[in-house]
Amino acid sequence: MSGRAIKETPNVLGALGGLFWLVVTVVPIYYLLLTSLRSQQDYYVENPLLPPSSPTLDAYRLVLENDFLRYLSNSVIVTVVTVAVVLAVSLMASYYLVRSGTPLARGSLRVVLLGLAIPVQATIIPVYYLIIRLGLYDSLLALMLPAIAFAIPISVLIIVNFVRDIPAELFESMRADGAGDWRILWSLVTPLSRPALITVGVYEALQVWNGFLFPLILTQSSSVRVLPLSLWTYQGQFAVNVPAVLAAVTLSALPVLAAFIVGRRYLVSGLTAGFGK
Amino acid sequence: MRTVERPGAAAPTRPVAAVRRARTGPTFWMAVPALAFFALFALLPLGGVAVLSFMEWDGLGTPRWAGVGIWIDTLTDQATIDALWRTAVFVVVSYVFQAPVALLLGVFMAGRQRYRAVWSVLYFLPLLFSSAAIGITFRSLLDPNFGLSRALSPGTLSTNWLGNPDLALYAVIFVVGWCFIPFHALLYQAGVRQIPASLYEAAVLDGAGRVKQFRFVTLPQLRYTIVTSSTLMLVGSLTCFDLVFVLTGGGPGEATRILPLHMYLTGFRSYAMGPASVIAVLLVVVGLALSLLLNRLSGSGRMQSQQAGA
């Protein structure tokens, strides 16, 4: 325990612990990929942690033949529209909340930030009621509206912190040049809060893409099914065909994996957004 | 930077600046779309859940007023009491598992060694998957016949983890930890990297070894990160639904029927939306109490102090 470590020795204990968690993290993912490449027959006889003796893409073909692309496009639509709306309305609101300086603005900001403490899970029953009343049950719009609302507090928090750092002189000189609110928003606020917009966009895209609760509660037909919910229904549909279920899981994660490879930096900062630092 | 005393620092220099800015500030309409979305689909439901907790509703017809009877019935229902107790165990054990692992992992990831950077990329992977994906993968991995139990020599791990009522809750806690530890490790990694190197240099000069550096430099410097992470962990476990739902659906029997599951099953399977709303209100109240308590314990204004420390 005490004083065992001397400054220059390599941290063997730390490395071993790190390695242990690495194995814990990687094994399930490795198992997922491997099993999705197995044939259904082999699944029952082969060691699940050894590479398949005869790798096959049959499981993937089966998933693709079973409406996977429709669920994928539903997910893309919901994610893109939700994130676009969240970014637009949050940026507009942040501009007002920071630059207005009125008591109304300060009060509104406080209320919106209180929203950070609302657990989504606890509000699903009224949300469900509301969506039914609006006649939106079982539509893609039903998934977007609450997702947008619950994204606003964190988005506003992040963007407001950025807009605050824009020098007041820039606003004043643009105003003096006769620029209106929209001009200022478009040519001053938007470009200068770009990093915040990217962070919010990445964070919310991941949230919406992987969201399970709203689809579970607010939709039922397969025409509006999104990917996470489809995994759950595939599990019922394919039942004993485990490789097919896991192929669907892998396919659903591929777009995010691809995004991770391209923009890891943004994903990391997006995930710790507003909490870290 | 002259920007400091401007809008951001709202409280101290407000009065003079506010009057001047009121004329040139943007119109309220800019905020209306965001506020409308938020009010309609987040604030209104929050109030709605309180109202619905006094009503009888089967999810289809029109809710009818039923009064405090629902509260009394729900709170004295053995199933609710069991779920509360189970949730307490779930939250506490999850925390005891996640917090130390995330802290140590974060400190480890903050190291500048090359291999640690590479490993960190892999540690991140669980964050990319949806709860549904993780739940389904682990269901199959923990299958007593074809999963891990077959991969390893007979005997080891060959238990029906998710099917045994005595083990299921702990198996779920492990999977939830697998899923959320990387996120908290990222928070700690960012926290550790903000600790000034000079503190460590001073500690080394004082003859502090690795353990003492961790104890007397890293831990105290991370106190705000610890509070943030702990709050998110506790409230996250309290409201954890998706993963448990996919892993076990609350079963076997009621072994993993924690509060959010209890709420869902009561409302959307038994069509008793009133009692389900009571449970939802409990979730909100306990969640808020936890956040406030932790904030109080840590002293106020953690955002600022953290920035100031950087």
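If you take the residues of the stretch B:249-273 that are in a helix (DSSP H, G or I) and in contact with a Lys or Arg (Cβ under 9 Å, 6 or more places away or on another chain), which of them is farthest from B:P182 (Cα to Cα)? So that I can check it myself, show each step before the final result.
We begin by selecting, within the stretch B:249-273, every residue in a helix (DSSP H, G or I); these are B:259-269, B:273.
Adding the requirement that they be in contact with a Lys or Arg (Cβ under 9 Å, 6 or more places away or on another chain) leaves B:259, B:262, B:265.
On the way: B:L259: 24, B:H262: 27, B:L265: 30 Å.
Here the answer is B:L265.
I'm trying to understand the selection: among the residues of the stretch B:104-155, which are more than 14 Å from A:T35 (Cβ to Cβ), within 8 Å of chain A (Cβ to nearest Cβ) and of a type in the set (S, T, N, Q)?
Once the filter is applied, which keeps residues that are more than 14 Å from A:T35 (Cβ to Cβ), within 8 Å of chain A (Cβ to nearest Cβ) and of a type in the set (S, T, N, Q), the stretch B:104-155 yields B:S130, B:S131.
Only residues that are under 27 Å from B:P26 (Cβ atoms), touching a residue at least 40 places away in the same chain (Cβ under 8 Å) and either surrounded by fewer than 21 Cβ atoms within 10 Å (Cβ to Cβ) or among the acidic types (D, E) (or both): list them for the stretch A:98-123, please.
Of everything in the stretch A:98-123, those that are under 27 Å from B:P26 (Cβ atoms), touching a residue at least 40 places away in the same chain (Cβ under 8 Å) and either surrounded by fewer than 21 Cβ atoms within 10 Å (Cβ to Cβ) or among the acidic types (D, E) (or both) turn out to be A:L113, A:L116.
Of all residues in the stretch A:79-129, which are at the interface with chain B (Cβ under 7 Å from one of its Cβ atoms) and aliphatic (A, V, I, L, M)?
The answer is A:V89, A:M92, A:A93, A:L97, A:V98, A:L104, A:V112, A:A117, A:I118, A:A122, A:I125, A:V127.
Results for (1) under 20 Å from B:L297 (Cβ atoms); (2) in contact with a helix residue (DSSP H, G or I) (Cβ under 8 Å, 6 or more places away or on another chain), shown as yes or no for each residue.
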residue	(1), (2)
B:L187	yes, yes
B:P196	no, no
B:G207	no, no
B:Q213	no, yes
B:Q221	yes, yes
B:T225	yes, yes
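In the stretch B:269-299, which residue that is more than 9 Å from every other protein chain (Cβ to nearest Cβ) and crowded, with 23+ Cβ neighbours inside 10 Å is farthest from the chain's Cα centre (by Cα)?
Across the stretch B:269-299, the extreme among qualifying residues is B:G274.
Restricting to the stretch B:71-127, name every residue that is charged (D, E, K, R) and more than 28 Å from B:G267 (Cβ to Cβ).
Just the residues of the stretch B:71-127 that are charged (D, E, K, R), to begin with: B:73, B:77, B:82, B:86, B:112, B:114, B:116.
Once the filter is applied, which keeps residues that are charged (D, E, K, R) and more than 28 Å from B:G267 (Cβ to Cβ), the stretch B:71-127 yields B:R112, B:R114, B:R116.
Which ones in the stretch B:23-63 are within 28 Å of B:Y264 (Cβ to Cβ), among the polar types (S, T, N, Q) and surrounded by fewer than 20 Cβ atoms within 10 Å (Cβ to Cβ)?
B:T62, the sole residue that qualifies.
Can you find a residue that is modelled with pLDDT of 90 or more, surrounded by fewer than 20 Cβ atoms within 10 Å (Cβ to Cβ), under 21 Å from the mean Cα position of the chain (by Cα) and not hydrophobic (A, V, I, L, M, F, W, C) anywhere in the stretch A:128-141?
yes
Condition first: at pLDDT 90 or above, away from chain B (no Cβ under 11 Å) and in a helix (DSSP H, G or I). Can you find one or more residues in the stretch A:254-264 that meet it?
No; the residues of the stretch A:254-264 include none that is at pLDDT 90 or above, away from chain B (no Cβ under 11 Å) and in a helix (DSSP H, G or I).
Could you list, in sequence order, all residues of the stretch A:24-54 that are farther than 23 Å from A:S252 by Cα and hydrophobic (A, V, I, L, M, F, W, C)? Working first, answer last.
Taking the stretch A:24-54 and keeping what is farther than 23 Å from A:S252 by Cα, we get A:41-42, A:44-47, A:50, A:53-54.
Passing the criteria: A:V45, A:L50.
Which ranges mark the helices (runs of 4 or more DSSP H) fully within the stretch B:172-248 that have 1 or more residues being small (G, A, S) and buried (at least 22 other Cβ atoms within 10 Å of the Cβ)? First the steps, then the outcome.
Numbers: elements: B:197-205, B:210-213, B:223-238, B:242-247.
Qualifying helices (runs of 4 or more DSSP H): B:223-238.
Being among the aliphatic types (A, V, I, L, M), at the interface with chain B (Cβ under 7 Å from one of its Cβ atoms) and buried (at least 19 other Cβ atoms within 10 Å of the Cβ), is that true of even one residue in the stretch A:187-195? Let's see the steps before the verdict.
So in the stretch A:187-195, the residues among the aliphatic types (A, V, I, L, M) come out as A:188-189, A:192.
Narrowing the set further to residues that are at the interface with chain B (Cβ under 7 Å from one of its Cβ atoms) leaves none.
Checking the stretch A:187-195: not a single residue is among the aliphatic types (A, V, I, L, M), at the interface with chain B (Cβ under 7 Å from one of its Cβ atoms) and buried (at least 19 other Cβ atoms within 10 Å of the Cβ).
With respect to A:Y60, determine if the residue is touching a helix residue (DSSP H, G or I) at 6+ places or on another chain (Cβ under 7 Å) and either among the small types (G, A, S) or surrounded by 20 or more Cβ atoms within 10 Å (Cβ to Cβ) (or both).
Numbers: touching a helix residue (DSSP H, G or I) at 6+ places or on another chain (Cβ under 7 Å): yes; either among the small types (G, A, S) or surrounded by 20 or more Cβ atoms within 10 Å (Cβ to Cβ) (or both): no.
So A:Y60 fails the test.
Test A:S94 against the criterion of being over 19 Å from A:V208 (Cα atoms) and in a helix (DSSP H, G or I), and give yes or no. I'd like the intermediate steps shown before the answer.
Values: over 19 Å from A:V208 (Cα atoms): yes; in a helix (DSSP H, G or I): yes.
So A:S94 passes the test.
Look through the stretch A:232-244, keep the residues that are surrounded by 17 or more Cβ atoms within 10 Å (Cβ to Cβ) and within 22 Å of the chain's Cα centre (by Cα), and return whichever of them is nearest to A:L57 (Cα to Cα).
Only one residue tops the list, namely A:Y234.
The values are calculated or read from the model by the stated rules, or taken from the named source; none is laboratory data. Note that the structure is a prediction, hence the values are computed from the model and not measured. Quick reminder, even Gly has a Cβ in these numbers, built from the backbone with ideal geometry, and neighbours come from all protein chains shown.
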